[in-house]
Structure formats: structure tokens, C-alpha cells
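The values are calculated or read from the model by the stated rules, or taken from the named source; none is laboratory data. Keep in mind that this is a model prediction, so the values were computed, not measured. Using ideal geometry, Cβ is built from the backbone for each residue, glycine included, and neighbour counts are taken over all protein chains shown. We work out accessible area using only protein heavy atoms, side chains counted, and drop any ligands, DNA or RNA first. Shrake-Rupley method; radii C 1.70, N 1.55, O 1.52, S 1.80 Å.
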Amino acid sequence: MSLKSIFLVLCAVISINVQAQGPIVIKFSHVVATDTPKGQAAERFKQLAEKATNGRVSVEIYPNSQLYKDKEELEALQLGAVQMLAPSLAKFGPLGVKEFEVFDLPYIFPTKAALYRVTEGPIGKGMLEKLESKGITGLAFWDNGFKVMSANKPLHAPADFKGLKMRIQSSRVLNGQMRALGASPQELAFSEVRQALQTGAVDGTENPPSNMVTQKMHEVQKHVTVSNHGYLGYAVIVNKKFWDGLPPDLRAALTAAMKEATTFEKAIAQRDNDNAIEAIRKSGMTEVYTLSAEEQAEWRRALASVQKDMEGRIGQELIRSINREGAKERMQ
């Protein structure tokens with residue numbers, strides 16, 4: 001066992017001892033700012049959970065990678081050093097649940113309605129159940145939104161990406177996406193992105209607008225392209241052993257609180273992204289460009305190979321089933 005793992009186990013033991021002396025503590029760790037949709041929803045869950053359990057549960061929120069960075073937090077959850085996370089869906093691929101990388105595929109969700117048919121229906125339920133074997137219970141899908149591209153040069157056509165170093169989170173799909181555009185993908189922890197952009201260690205990145213603004217990435221990027229090429233969402237997860245060990249009445253109360261927090265989160269996500277794009281425009285630091293229908297069609301053609309290339313990794317039938325949900329939009 002590594003020194004880091006030993007440390008995490010000790011943290012878990014300390015946490016259990018503290019819980020025995022007072023309220024049951026849920027440490028909820030995440031990597032983004034408090035004023036993002038995820039950050040706000042975490043705070044809302046805390047309020048709802050503590051009220052619903054009459055103080056028998058205390059939720060401690062640790063935003064902005066205060067406890068763990070991207071690659072550390074899942075191990076911390078599995079070892080019980082924290083009880084709750086809301087990692088981006090791409091994080092489950094390296095954990096061995098490769099099906100979650102389907103959410104990274106470019107242009108697989110034509111609308112939010114198609115997305116929600118997946119996350120709120122049998123497909124999403126089945127995907128969360130796959131986490132059980134990893135010692136994880138999935139509680140909900142949280143939304144962030146469709147992503148924009150940014151760089152210090154205009155990105156209007158796929159050819160504009162040639163040779164650029166583009167930051168991605170760890171994901172085979174996102175790696176393939178950037179390579180299909182002619183860029184060089186660079187994996188970096190979310191907390192390190194702004195500095196990397198500022199120093200030129202990377203040339204650009206992709207993110208929903210709310211993440212760009214709360215991390216002030218737009219201050220070090222001259223151009224933003226509203227491409228809506230991909231989606232960024234999260235799964236709210238808990239340590240399975242911790243969750244299963246809760247009294248049934250507390251588990252029911254927390255489930256209801258999570259359901260209400262999820263409704264709240266989805267309501268604010270699009271609003272915050274719309275406001276963020278407007279804030280980027282008003283800042284005067286960054287030019288915002290929206291792809292035309294013809295330009296977006298060109299991006300789709302350039303990225304079409306990624307789905308085919310990833311069938312063996314993610315699963316052909318899963319990709320087809322999600323595409324069928326998207327096709328319902330075109331049939332209406």
C-alpha cells in the first residue's frame with residue numbers, strides 16, 4: 001500500500017471516530033468553485049440534507065480541490081476518506097467503467113432533452129449501477145452544459161486547431177477528439193488549467209462557459225468559440241459501504257434531498273452558462289464567436305470518426321442506443 005493510501009485510510013478512521021461522537025459527517029469534495037452550478041447545488045444539498053435529517057447529518061463542502069485534485073478524489077472516496085463526490089463523467093473511464101466515456105463523444109447529444117432522456121431513463125440508471133462493483137453508489141446525474149472552445153487565436157474551422165496544445169481532462173475520447181481536429185491533447189488537473197493557459201504551457205481548452213468565468217480562464221484567452229461540440233456533466237456518488245451503513249430513514253431523507261438538489265442544479269446550469277457567455281463578451285478581453293450552421297456541420301464531419309473509433313472501448317450498442325434517443329429530436 002502506498003504512503004498516500006495509508007494516509008487516506010487513517011483519514012477514514014479519524015472520520016469514523018468523529019462520526020461516533022456526534023452527527024454523521026458527509027465530507028463532500030469537488031474541484032470547482034462554489035459559484036458554479038455544481039458548487040451551488042452542493043451547498044443546496046447541504047442545506048436540504050441537514051434540515052431533512054434534523055441535524056443528525058452534517059454535510060461539509062470542500063470546493064476548489066481543497067482536499068483532492070481530479071486524480072486523487074476517487075481513490076479518497078473508495079477508501080472512505082471522503083463520503084461524497086461529484087466528478088465529471090470522464091473520470092470513470094480510468095476507474096474501469098469505460099461506458100461513461102460515451103458522454104464525452106462529440107455531438108452525441110443534439111439537445112438537452114435528448115441528454116435527459118438518457119440520464120433520467122433506463123440507460124442512465126444502468127450506468128450508475130455499474131459503479132457498485134467499484135465500491136461506489138451513484139445517486140444522481142448533475143448537469144453543467146455544452147462546451148465552448150478557447151484559444152489565443154480564432155477557432156472557426158477544424159483546420160484552425162492544427163498544432164495547438166489543447167488541455168483536456170483524462171479521457172481517451174477527448175484525446176481522440178483533439179487529435180481528430182489536428183491538435184495535441186494535454187491532460188491537466190482542472191485546478192492547474194488557468195495557470196497553464198496564462199504561461200502558454202497549453203494554447204487552449206474546452207469547458208462550459210460557467211467554468212471558464214469562475215476560474216477566470218477568459219482573462220487569459222483571446223478567443224472563445226461557441227461550438228456546443230461536447231457535453232460536461234457529473235455523477236454525484238457516495239462511498240457504497242458508508243451509504244449502505246446508514247439507517248434506512250436517514251438514507252431516505254438524503255435521497256429526497258439529493259432529488260431536490262438535482263432539480264435545482266439542472267435549473268440553474270443553463271442560466272449560469274448563458275450569463276457566463278454574456279460576462280465574457282462584456283469583459284472586453286475575449287472575442288466570442290458562434291459557429292454558423294455550415295461551420296458546425298464542418299466540425300461534425302471532422303469529428304464523426306471519433307464515435308466509430310471508440311465503439312470497441314465504450315460499446316457499440318450503448319453508442320447506438322444514445323444516438324437513437326437523439327434521433328427522436330429529428331423525428332418530431
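So if I restrict to the alpha-carbon atoms in region 217-301, what is the Rg, and what is Dmax, the biggest pairwise distance, in Å?
19.7, 56
Could you state the accessible area per residue of region 130-185 in Å², with a 1.4 Å probe and every protein chain left in place? Can you show the working numbers first?
On the way: 1850 Å² over 56 residues.
Value for region 130-185: 33 Å² per residue.
Quick one: helix 3-21 against the long Cα principal axis of the chain, what's the angle to the nearest 10°, folded into 0 to 90?
Tilt relative to the chain: about 50 degrees.
Please give the charge dipole size of region 24-173, origin at the Cα centre, charges +1 on K and R Cβ atoms and -1 on D and E Cβ atoms. Round to the nearest 20 debye.
Dipole about the Cα centre, nearest 20: 280 debye.
What do you get for Rg/Rh of region 143-236 when both radii come from the Cα atoms and Rh is the Kirkwood radius?
Answer for region 143-236: 0.92.
Can you tell me the Rg and the Dmax, both Å, for the Cα atoms in region 71-188?
That works out to 15.9, 46 Å for Rg and Dmax.
Which net charge results when you count Lys and Arg as +1 and Asp and Glu as -1 among the other residues whose beta-carbon is under 13 Å from that of Ala269? Each step should come with its number before you reach the end.
Details: positive: Lys38, Arg44, Lys112, Lys147, Lys266, Arg271; negative: Asp35, Asp143, Glu265, Asp272, Asp274.
Neighbourhood net charge equals +1.
Projected area of the chain, taken from the Cα convex hull and averaged over every viewing direction, in nm²? Intermediate values should be presented prior to the final figure.
Working: hull surface 67.9 nm².
Mean orientational projected area (the chain, Cα hull): 17.0 nm².
Where does each of 293-301, 209-217, 238-246 land if you order them by average Cβ count within 10 Å, highest first? Show your work: numbers first, answer last.
Values: 293-301: 13.1, 209-217: 23.7, 238-246: 17.6.
Output ranking for 293-301, 209-217, 238-246: 209-217, 238-246, 293-301.
Return one number: the angle in degrees, 0 to 90 and rounded to the nearest 10, between the long axis of the Cα atoms of helix 293-309 and the longest principal axis of the Cα atoms of the chain.
The answer is roughly 60 degrees.
Which shape class applies to region 147-202: rounded if a/c is under 1.5, otherwise prolate when a/b exceeds b/c and oblate if not, where a ≥ b ≥ c are the square roots of the Cα gyration tensor eigenvalues? Mind showing how you got there, number by number?
Working: a/c = 1.92, a/b = 1.19, b/c = 1.62.
Since a/c reaches 1.5 but b/c is at least a/b, the shape of region 147-202 is classed as oblate.
For region 185-332, what class follows from the C-alpha gyration tensor (a ≥ b ≥ c being the square roots of its eigenvalues): rounded when a/c is under 1.5, otherwise prolate if a/b is larger than b/c, else oblate?
Details: a/c = 1.76, a/b = 1.28, b/c = 1.37.
Oblate, because a/c is 1.5 or more while a/b does not exceed b/c.
Please sort 127-136, 264-273 by packing, taking for each peptide the average over its residues of neighbouring beta carbons within 10 angstrom, highest first.
Numbers: 127-136: 16.4, 264-273: 19.2.
With the highest mean Cβ count within 10 Å placed first, the list reads 264-273, 127-136.
If you take every DSSP beta bridge whose two residues both sit in region 129-220, what share of them, in percent to the nearest 5, is antiparallel? Please list the in-between numbers first.
Numbers: 4 of 10 bridges.
If I count the DSSP bridges inside region 129-220, around 40 percent turn out antiparallel.
What percent antiparallel are the DSSP beta bridges of the chain, to the nearest 5?
On the way: 19 of 37 bridges.
Of those bridges, close to 50 percent are antiparallel.
Quick one: compute the contact order of region 135-228, relative version, from alpha carbon pairs under 8 angstrom and 6+ residues apart, as a percent.
On the way: 143 pairs, mean separation 40.1, N = 94.
RCO, region 135-228: 43 percent.
Which value at 222 nm does the chain reach when only helices count, each DSSP H run of 4 or more adding -39,500 (n - 2.57), with the total divided by all residues and rounded to the nearest 500 deg cm²/dmol?
Working: 13 runs with 161 residues, N = 332.
Counting only the DSSP helices, I get -15000 deg cm²/dmol.
Roughly how many Å is it from the Cα centre of region 255-303 to that of region 73-148, as a whole number?
Computed from Cα coordinates, the inter-centre distance equals 19 Å.
If you wrap a convex hull around the alpha carbons of region 47-139, what volume per residue comes out, as a whole number of Å³? Intermediate results must be reported in sequence, preceding the final value.
Numbers: hull volume 12.8 nm³, N = 93.
Expressed per residue, the convex hull around the Cα atoms of region 47-139 is 138 Å³.
Rg to Rh for region 62-106: what is it, with Cα atoms only and Rh by Kirkwood?
Working: Rg = 11.3 Å, Rh = 11.3 Å.
With Rg and the Kirkwood Rh in hand, the quotient comes to 1.00.
Which shape class applies to region 15-97: rounded if a/c is under 1.5, otherwise prolate when a/b exceeds b/c and oblate if not, where a ≥ b ≥ c are the square roots of the Cα gyration tensor eigenvalues? Don't skip to the answer; put the middle values down first.
On the way: a/c = 2.18, a/b = 1.36, b/c = 1.60.
It is oblate, given that a/c is not under 1.5 and a/b is not larger than b/c.
Just need the relative contact order of region 69-199 here, percent rounded to a whole number, with Cα pairs under 8 Å and 6+ apart.
Details: 116 pairs, mean separation 31.0, N = 131.
This gives 24 percent for region 69-199.
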